Amino acid sequence: MPIKHVVVVMLENRSYDNVLGWLYNPSNAAPYNEPPAGQALLNGLTGHESNPNPAYDPNQPVSPTNEPTIPVQNLGPTTYGGRPYPATCIPIDDPGEYFDDIAQQITSSSELPTSNPYGTYVPGTAGLMQGFTTNYANLDGTGQQPPPTATGVMNYFTPAQVPVTAFLARNYAVCDAWFASVPAQTFTNRAFALTAAPGVHKTLFSNFSLVDDSQWGDSLTDMTSLLWVLDQVKPPPPDPQWKVYFHDYSIACMTVPYIQQQGTKEVNINVSTFDNSDWGNTIPAQLNSGPLPPTFVSDATSGTLPRFAFLEPRYGTYNTPPFVTAPPTQLPANSNHPGPGYRQASVYAPPIDVASGELFLLQVYNALVSNQTQWAETLLIVTYDEHGGLFDHVHPPLATPPGSGVPEAACDSDSAANTFNFNVFGCRVPAIIISPYIAAGSAFPQMLIVNDAAENPPAHFDHTSIIKTVWDIFGLSSVQASLTDRDANAASLAPALEPDPVNTTGAYTETVICAPSTLVYTADGTQIAWAMSGPTDTLTASVVGDTPPWLSMTSAGTCYLTITVTVSNPPSTSQSVTIQVTSANGATAGTVIVNFTPP
């Protein structure tokens, strides 16, 4: 097998339909107005999909303001709470993610389920996937406020709004049958990606699996992980077999004790930061006090990546876990999680802009391809941990439970999860498979069928397909057959990899991306935005028109421009300023809108 490095990027809380459902449509600008032959069968949106309109009044005439359904749609910029936001911030409010929320979204129940609905779940039953708008319009009891309308969860992005994602999808392979491992939240799905099992709470008097994020805490069983198995094949030191790289904090450290143990050793070779942007010279709170191993950017560009690399985005302080100190610089989140993502002193917390996630993907991809020797031996997998309450029209299929040693789920605050045995996948999420050994414009699982990789190749992928793929590429069956029954039965990407390089796609050079594309101020404060373009480009930033006395802006960098915007002694009325970013090659220009709105 020519692959020597597997790199995984796992973003947050977006469905396949939200990100890739409109990848190809005649309404898109070329080349996304029609799919390449290898992606002609992708199961995306037609534009006719819908969910019930919770605000519909059957006693009133049907009208543009009283429609019985809400169709999938590409929403434009919006104003919320008197403050303007770009379309790439939709949905403004975080949709429901708890087990019962997702159960309602999938089963279309009129009320939140109070008992496990998956004991009698039959995929393909009429009426599934019709509970997204009902759930979103009635969020309560979770610390969240009901959104003003339910349309946000029916939004999809166009290729123009997610240009790096679209570029990678078209130039490599898309998997349109990749599901979250569990119909639940972030922590359990991320645990499955590395252990093929949920977290297990185990004490002398209790033994149950975890489902909702709020359950994760002290009494977590140390599950056998992919990372432990890699260490058995060729134990470290000196060269690590795997590394976890993160921005502000690592959820992997919180969900897989083995990672935390390695990261807090006196000599840590396995857990480091993505770059130096968040922590600088400060040691992250989750790690030890010794020197950090090289960052991802350093390893990618110098050709020193380990066999397996797991990359975590900047989650932001919207969900800073207990006992984890925030980094000294609280930068905008690039996780793509819907809803508010970061706070700074005296600065309103705007929703996360998916433009930030695009910039993150651009940085990852261009760093990898910058070292062509290493890139020639690399497989990059980009996916999302869960759908995050956003609409997807494909119902989750049945899944193989992890098996013996993994108890049923239980949750005192979410009774719908009680007795769930992980027999159903979560909703579909985006997945893009990227490598010189992947033909451009191809798709999974069609590639497995075309390549005749197996007589009956599995039709569904989930996060344990990461484990199965690494298992196959590096021959880990010499240590043990699998981690659990789930990854033993998972679909692998390895059989579809070509024996020789077939893809010469180079660095992303097409577009200047600015993120966040909108900065919101309610008082004095400083915020950071970035702009990024191709590796040979030079960017400049300037205020359009006269710079108001209450705003100052500085920028530094070349193809990766850091824009520092400070508001001081702001005016008493709402005002907006545009910062334009210009590319030296003259091809494109991006903008950052600075909005000041008095509280």
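Just a few scattered comments:
- Span from the segment 502-528 Cα centroid across to the segment 563-596 one, whole angstrom: 13 Å
- A crude spin-label estimate for the pair THR538 and ASN59, with each label 7 Å from Cα along the Cβ direction, gives 6.9 nm.
- Cβ crowding within 10 Å averaged over residues, with 486-499, 163-176, 394-407 ranked highest first: 163-176, 486-499, 394-407
- Proxy reagent accessibility, fewest Cβ within 10 Å first, across GLU97, GLU358: GLU97, GLU358
- Placing dummy labels 7 Å off each Cα toward the beta-carbon, the span from GLU266 to SER413 is 4.0 nm.
- The residue among THR573, SER533, ASN33 whose Cα reaches farthest toward the positive pole of the charge dipole of the chain, with charges on the beta-carbon of Lys, Arg, Asp and Glu, is SER533.
- Taking Lys and Arg as +1 and Asp and Glu as -1, the other residues whose beta-carbon sits under 14 Å from that of VAL512 total -3.
- Highest to lowest packing among 380-388, 364-372, 241-249, 18-26, scored as the average C-beta count within 10 Å: 380-388, 241-249, 18-26, 364-372
- Positive-pole candidate from THR46, ASN116, ALA417, dipole of the chain, charges at beta carbon: THR46
- Nitroxide proxy distance, nm - points 7 Å out along Cα→Cβ at ALA507 and THR564: 2.6 nm
- In a reduced charge model with +1 at each Lys and Arg Cβ and -1 at each Asp and Glu Cβ, the chain shows a dipole moment near 800 debye about its Cα centre.
- Taking θ as phi - 60° and the Karplus parameters 6.51, -1.76 and 1.60, the scalar couplings of segment 489-498 work out to 9, 6, 6, 10, 7, 4, x, 8, 5, 6 Hz in sequence order, x denoting glycine and proline.
- Entries of LYS202/LYS243; LYS4/LYS234; LYS202/LYS265 with Cα pairs more than 18 Å apart: LYS202/LYS243; LYS202/LYS265
- Stretch gain in nm, segment SER552-ALA160, where the contour uses 0.36 nm per residue and the Cα spacing is subtracted: 138.1 nm
- Counting every other Cβ atom within 10 Å of each residue's Cβ, SER214, SER209 order from fewest to most as SER214, SER209.
- Separation of segment 25-87 from segment 383-407 is 25 Å, based on Cα centroids.
- Gain on full stretching of the segment that runs from THR120 to LYS202 - 0.36 nm per residue minus C-alpha separation: 26.7 nm
- For q = 0.07, 0.09 Å⁻¹, Debye-computed log10 I/I(0) when each Cα of the chain counts as one equal scatterer: -0.40, -0.68
- Packing-based exposure ordering (other Cβ within 10 Å, fewest first) of ASP17, ASP524: ASP524, ASP17
Every read-out reported here was derived from the displayed coordinates using simple, explicitly stated rules and does not represent laboratory data. Quick caveat, the model's predicted, so the values are computed rather than measured. Cβ sites come from the backbone with ideal geometry, for glycine too, and all protein chains shown count toward neighbours.
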